[in-house]
Amino acid sequence: MELEKVLLSRKSCRKFLDKAVEADKLEKVVLAGSLAPLGLPRVGVPALTVVTDKDALAGLKGIYDAPAVIIVSCPQYPGPGIDHQNAACVVEMMSLMATDLGLGNIYLYGVTAALQQDKLMLTKLAIPEGFKPLAALAVGYSEEEIAVCKELVHKLPVNRV
């Protein structure tokens, strides 16, 4: 798929089929995350936790019954906000790859906010010590056909100086 088509196709999916994502596709999504631009990588890089176990998924809130969730956890960085920026970049790269592979996906924040408070679940998911879950991507096959927008249009205000 061409990048422009991927960009025009990427939409948040909130209804997933009850169908597992093939391991090779899930691995490509994970690998795309490792290509994200990162701030201060010498200090530490985000860790990814791929959750496909049904019992573990049942313990996560707000995942829209997705068959796979990839949690992005970050270490403490010296600069404010770098951890959140890094997590966002990783999720976006994975989201674009998932779209390219024909997978529905949605950027999740609430699940990680709840997860930060659940020490038992953090342990169950083997989130690395000293890392904080900051973002996640739910991935699976969409119940709805993924439509392609007709053209790139501005949806954000732009100030040109």
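What follows is calculated from the coordinates using simple rules that are stated; it is not laboratory data. Just so it is clear, the structure is predicted and the values come from calculations on it, not from any experiment. When we count neighbours, we look across all protein chains shown, and the Cβ atoms used for this are built from the backbone with ideal geometry, even at glycine.
A few points about this structure:
- Note on His154 and Gln116: their simple-model spin labels are 3.4 nm apart, each label 7 Å out from Cα toward Cβ.
- Peptides 74-82, 22-30 ordered by packing proxy, namely the average of other Cβ atoms within 10 Å per residue, highest first: 22-30, 74-82.
- Lys, Arg +1 and Asp, Glu -1 on Cβ, resulting dipole of the chain about Cα centre, debye, nearest 20: 440
- Note on Glu2 and Lys19: the model spin-label points, each 7 Å out from Cα along the C-beta direction, lie 2.7 nm apart.
- Packing rank of 37-45, 7-15, 84-92, where each peptide gets the mean count of other beta carbons within 10 Å, highest leading: 84-92, 7-15, 37-45
- Region 121-146 and region 87-118 have their alpha-carbon centroids 7 Å apart.
- Along principal axes, Cα extents of the chain, largest first, whole Å: 47, 45, 26
- Computed helical MRE - 222 nm, the chain, DSSP H runs ≥ 4 contributing -39500 (n - 2.57), nearest 500: -9500 deg cm²/dmol
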